[in-house]
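The structure appears below as structure tokens.
We did not get these values from a lab; they are worked out from the coordinates using the rules stated. This is a predicted model, so every value here is computed, not measured. Please note: Cβ atoms are built from the backbone with ideal geometry, for glycine as well, and neighbour counts cover all protein chains shown.
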Amino acid sequence: MDRRSVLRGGLATTGGAALALLTGGGSASARIPGEGPALLGRGRPRLTHGVQSGDVTAHEGVVWARSDRPARMLVEVSRRPDFRHARTVRGPVLTPDTDLTGKTFLRGLPSGEELHYRVRLAGLDRHSDVSEPVAGRLRTAPRLHAGARHRRDIRFVWSGDLAGQGWGINPELGGYRIFTAMGALDPDFFLCSGDLVYSDGPLSETVKLPDGRTWRNIVTPEKSAVAQTVAEFRGQFRYNLEDANLQAFNARVPMLYQWDDHETVNNWYPGEILDLPQYTEKRVDVLAARARRAMFEYTPVRTARPGRLYRRISYGPLLDVFMLDMRSYKNANDANTSPSQREGLLGAEQSAWLKHELRRSNATWKVIAADLPIGLIVPDGTAQEGAAQGDDGVPLGREREIADLLSYAKRHRVRNMVWLTADVHYTAAHYYDPSKAAFSDFDPFWEFVSGPLNAGGFGPADLDGTFGPEPKFVQAPPHPNTSPAEGFQFFGEVEIDAHTATLTVRLRDLDGEILHTHALTPRR
């Protein structure tokens, strides 16, 4: 098999195993070879939480689904929305071991095309029928060496933080309606900057707002307390997937996902022992392992190595996205003032990987997806959670790791890095200017911040002057933990012009209104 279209017979992998494609027309066969005939009307399985796709490149992608009972996952793929001339990829058996979730890996997809897919479930009982289908769409990246005839603009959106600080799905306000605003832009993908769930954020049915109104949450048993067991972590993801806006968005827009702290517990780091009365399990390493399992089960992530989250997503000749993991290798939160520390957020292996991948990247733009900002001071009580600590001086602590990366990029002429993040619950544009920095061995660059999706609004935070950040735009709520009812929810949009290679960032609000625009011209 070569890397040509899956529509001509490529490969799909499930759990690392290669599976040949099954032929099929617009209506999926109700029979799976080797598993007996399916009879209509008996024991029909059902897809419970829509469909998702993710980590889509020019020729590959992941499709996710969840069943209401053990069943075989089947994915039809076609260039046409009516699924004529479709091919069916036989996916995994969904079992209780993964909470009935599963992913089907697609290979050999045609580059630069809009593809339609739909998922069906085939019951394992010989008397079971095939489920009703749930359809989705994805758009593959342009070819790596796309010629003029194959050029197209790239557009994606990013944000983070969903159902945080007590603000969950409120039907009276339209649920997670920010996903409708993002979907209206018809993006190629959604970059989730972390905190897709708040496993440490229980919800109550009602919250009194300062103006006398009442916020009303949908509440499930798993969202009534902090998550500690695998089942409770799974419930965090299922809760968000109950929202109709998010389900519709997932079916139309592939996701690139990275995790941060709230998927486990606020501001966590490996080896931490909690001193919180609501937790009976105090060992963060145990909680993080359970949270990681649920996260891999419920997100369309494909990793280069089992369990590893940092990865590069190549999206044609104009864009590489470097997905960082600034949580799994993090050192303990302290004053962050060590003069000799060389690691802190990325760790030695990930830092070496990032340098190597940046240097070998031929893409015009290198987007660094960071789940923590560089220059913003993010405290954790009296300690420091992020890279900065606020002394405006030479790099100390975790800043040394960032300084090493930036100077390496300058030395090896890595051009056109743009950093995107969320985390701090407001939106901003920061320009890092070496001429105004305490540490100046780097090329100037931009960092854009946008969020939350549906969580408490905060900010703005103070900036540390070590790398010379200048706030060119800031919009934040008037008081801490402002509810989504006040509108201080944000996302960012990135558009890359196929002909000029200009990268334009637009910071948008809850309803998609543009708050700030900045266009960047690539350096050659």
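Along Cα→Cβ, 7 Å out, is where each label goes; now give me the distance between the ones at Lys472 and Thr280 in nm to one decimal.
Distance between the two pseudo-spin positions: 5.2 nm.
Give me the distance in nm between label points sitting 7 Å out from Cα along the Cα-to-Cβ direction at Ala335 and Ala184, one decimal.
With each label placed 7 Å out from Cα toward Cβ, I get 5.0 nm.
Got a sec? How would Lys330, Lys208 order by Cβ neighbour count within 10 Å, fewest to most?
Lys208, Lys330
Report the extension gain between Ala244 and Glu132 in nm, rounded to one decimal, defined as 0.36 nm multiplied by the number of residues separating them, less their alpha carbon distance.
Residue separation times 0.36 nm, minus the Cα-Cα distance, leaves 38.5 nm.
Hey, what angle do you get for helix 398-411 against the long axis of the chain, alpha-carbon based, 0 to 90 degrees rounded to 10?
Approximately 80 degrees, to the nearest 10.
Roughly how many Å is it from the Cα centre of region 272-308 to that of region 420-479, as a whole number?
Value for the Cα centre distance between the two parts: 28 Å.
Once the Cα atoms of helix 347-360 and of the chain are each reduced to a long axis, what angle between those two axes, in degrees from 0 to 90 to the nearest 10, is obtained?
The helix 347-360 is inclined about 80 degrees to the chain.
List the relative contact order of region 155-520 as a percent without decimals, with contacts defined as Cα pairs under 8 Å and 6+ residues apart.
Relative contact order, region 155-520: 17 percent.
Between Glu513 and Thr303, what FRET efficiency comes out of the Förster formula 1/(1 + (r/R0)^6) with R0 = 41 Å and r the beta carbon distance, rounded to 0.05?
Calculated transfer efficiency: 0.65.
Which one of Leu138, Leu276, Pro460 has its Cα pushed farthest toward the positive end of the charge dipole of the chain, where Lys and Arg give +1 and Asp and Glu give -1 at the Cβ?
Result: Leu138, furthest along the dipole toward the positive end.
How large is ³J(HN,Hα) for each residue in region 253-261, as worked out from phi by the Karplus curve 6.51 cos²θ - 1.76 cosθ + 1.60 (θ = phi - 60°), to whole Hz, x for Gly and Pro?
Values per residue, Gly and Pro as x: 10, x, 10, 10, 10, 10, 9, 9, 8 Hz.
If you put +1 on each Lys and Arg Cβ and -1 on each Asp and Glu Cβ, how big is the dipole of the chain around its Cα centre, in Debye rounded to 20?
2920
Limiting things to C-alpha atoms, what are the Rg and the maximum Cα-Cα separation (Dmax) for region 196-308, in angstroms?
Just the Cα atoms of region 196-308 yield Rg and Dmax of 15.4, 51 Å.
Less than 11 Å from a label point 7 Å out along the Cα-to-Cβ axis of Tyr431: which backbone N atoms in region 450-471 qualify, by residue?
Label zone hits: 470-471.
Using alpha carbons only, how many angstrom separate the centre of region 345-396 from the centre of region 131-192?
Region 345-396 and region 131-192 have Cα centres spaced 25 Å from each other.
Ranking Thr214, Thr220, Thr466 by Cβ neighbours within 10 Å, fewest first, what do you get?
Going from sparsest to densest Cβ surroundings: Thr214, Thr220, Thr466.
Fewest to most neighbouring Cβ within 10 Å: what's the order for Glu297, Glu343, Glu205?
Going from least to most buried by this count: Glu205, Glu343, Glu297.
Let me check I have the definition right: for the chain, take the eigenvalues of the Cα gyration tensor, multiply each by 5, take square roots. What are those semi-axes in whole Å, largest first?
Values for the chain, descending: 37, 28, 21 Å.
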